[in-house]
Amino acid sequence: MTAGPSKKRQRVQHSASTSRHSSVIPTIDCSSLPDKSSTEVSKKPLNLRRNSSFSSITAFNDASTADILLRLYLEVTPFDSSDSEFLTSSDVQIYLHSHVLRRSKYFSALLSDRWQPQKDDDSSPLRLGFGVPAAHGSMDNHLAVLELLYVDDMTEAIDSAKTALDLLPVALKFLFEDCVKSCVRFLEAVPWTDEEEKRVMNLIPFLQEEESRELLSRVSPGRNDSCEEMLQGLILAAIHNYPNMAFVKAFVAKLLKDFSSKESAKRVLKRAFETSLKVVKESLEEYSSPNFRGDHNETEAIQRLNLHTAMTNAKHLSWLVERMIELRVADVAVVEWSEQASFTADLQRAFRDDAWRGIVPGFPSVLLRCTSKLANAVAAGTILATKQVRKKLVKHWLPVLLVSKDHSPLLSSNKNLCMELEETFLRIISTLPLSDAQELLQQCLSFTRNVDDCPHLFKAFNTWFRRAMHPPQPEKL
């Protein structure tokens, strides 16, 4: 029986970490208890630091002034295999004071006139019995909470998350509100281990809403899309905000790889990819615009700014493409990359102009590297692109490769990149219908350097001629 607690508090039993079979209803016994079945507590049960705020009139376990003798005993359940003699010998007697116990709503209700039995000898303490779960540390935790009834300031006693979590279930059971608030306030303010977090979550159902609000806010997102928002922020920070971006990018890449929701990661990467691509396209379009042509210093500064912006965001694109391929979510990037007819036309015009070479000489290589990564994933089957996507990918980006080879003086140092992209394009062309392959292969003649240095091109043409000259006969299929 309790006095006035809320319905939520009434549901409290012991603790998620202790036995839930113990009763919270004590026994009231006016007879003497056998000495052999209990041990009087003569010192602090736990190594908690003493507080100077103990009552100046009464003290915990003071037999000379106590009017309550509480027997704590370990409960035996049908499933308990512990030695019964050990459980009996573990009983503890404590001398307490009714006016102090009334700080606990549980004991306040128990000690009300309605529930107190009549005693023959008014000078003898009222004897109560209370069952304690037979779990490790349970007896000490109950003794510690009973001792805290005699303390005004509990900050010295509750000095770790473990202590708070050990005492809170007992405080909830005793309806000792001051102790509950002290434990909750401490848990709100300190970090938790993973195991402590599990214990906190197990206790949440037994707390009032206002008590659990701050604890839940630590583990509950404010919105359903908070994880994606967090990922988006990390990606933007990694590619924009740090001078030493390599380490930050590596860290974020690992977070993405280990992230539990592939669909969330895909949506976040798709948005970041589209944003960076848009900036590259707009910057290049402004660079190529006739409105910015001229010898004026301001115009030249605008051209430089646009090219640097395009170059920076192209590097971001390259990193994002790597992450999308790594997570096997690059199908959306391939589709988007294959639809860039106007963008690739702007690139061809820009690369035919000599002005960019002294500003962003590596710009073509960065874009070709993006193209190569996506094309390789398509050719390898990592990304299963449709026929139209495969065709457009080669159709729009093959001219960029050819113009870059002709007009970029630095591509000699990227010979391997060019050869790899040539071979990849040829592999993709081999997957297309013969009519489409015929159209695209004729544009690949620029792959030739000398007769002995282009076996991949010979192989592609020979394969096409073999298929065209010896089509399969329907009757032989």
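For S342, work out the one condition from (1) surrounded by 18 or more Cβ atoms within 10 Å (Cβ to Cβ); (2) under 17 Å from E285 (Cα atoms); (3) out of contact with any His (no Cβ under 6 Å at 6 or more places or on another chain); (4) among the hydroxyl-bearing types (S, T, Y) it doesn't fulfil.
Every condition holds for S342 apart from (1).
Can you find, within the range 246-293, the residue that is surrounded by the most Cβ atoms within 10 Å (Cβ to Cβ) among those that are farther than 28 Å from L307 by Cβ and of a type in the set (G, A, S)?
Taking the candidates together, the pick is A265.
The conditions are (1) at pLDDT below 90; (2) under 21 Å from R390 (Cβ atoms); (3) aliphatic (A, V, I, L, M), and L432 fails exactly one of them. Which is it?
(1) is the only condition that L432 fails.
Of the residues L445, L441, which is open to solvent by 50 Å² or more (accessible area, probe 1.4 Å), assigned to a helix (DSSP H, G or I) and closer than 20 Å to K459 by Cβ?
Working: L441 fails: open to solvent by 50 Å² or more (accessible area, probe 1.4 Å).
Every option except L445 fails the conditions.
Is it the case that some residue within the range 107-129 is in contact with a helix residue (DSSP H, G or I) (Cβ under 6 Å, 6 or more places away or on another chain) and at pLDDT below 65? If you could, list the steps in order and put the result at the bottom.
If we filter the range 107-129 for residues that are in contact with a helix residue (DSSP H, G or I) (Cβ under 6 Å, 6 or more places away or on another chain), which is where we start, we get 107, 111.
Add one more test, that the residue is at pLDDT below 65, and what stays is none.
Within the range 107-129 (the criterion being in contact with a helix residue (DSSP H, G or I) (Cβ under 6 Å, 6 or more places away or on another chain) and at pLDDT below 65), the answer is no, since none of the residues qualifies.
Restricting to helices (runs of 4 or more DSSP H) lying wholly in the range 294-393: which have 2 or more residues that are free of Cβ contacts under 8 Å to residues at least 24 places away in the same chain and among the hydroxyl-bearing types (S, T, Y)? Spell out the reasoning first.
Working: elements: 297-326, 331-338, 341-351, 363-380.
Once the helices (runs of 4 or more DSSP H) in the range 294-393 are filtered for at least 2 residues that are free of Cβ contacts under 8 Å to residues at least 24 places away in the same chain and among the hydroxyl-bearing types (S, T, Y), what remains is 297-326.
Having 1 or more residues that are open to solvent by less than 10 Å² (accessible area, probe 1.4 Å) and over 30 Å from R267 (Cα atoms) is the bar; report the helices (runs of 4 or more DSSP H) wholly within the range 147-244 that clear it. Give the steps one after another, and end with the answer.
Working: elements: 161-174, 177-189, 194-203, 209-219, 226-240.
Once the helices (runs of 4 or more DSSP H) in the range 147-244 are filtered for at least 1 residues that are open to solvent by less than 10 Å² (accessible area, probe 1.4 Å) and over 30 Å from R267 (Cα atoms), what remains is 161-174, 177-189, 194-203, 209-219.
Do you know which residues across the range 237-271 are over 16 Å from M324 (Cβ atoms) and not small (G, A, S)?
H240, N241, Y242, P243, N244, M245, F247, V248, F251
The values are calculated or read from the model by the stated rules, or taken from the named source; none is laboratory data. Worth saying up front: this structure is predicted, and the values here are computed from it rather than measured. Quick reminder, even Gly has a Cβ in these numbers, built from the backbone with ideal geometry, and neighbours come from all protein chains shown. Keep in mind that these areas ignore ligands, DNA and RNA; they rest on the heavy atoms of the full protein, side chains included. Shrake-Rupley method; radii C 1.70, N 1.55, O 1.52, S 1.80 Å.
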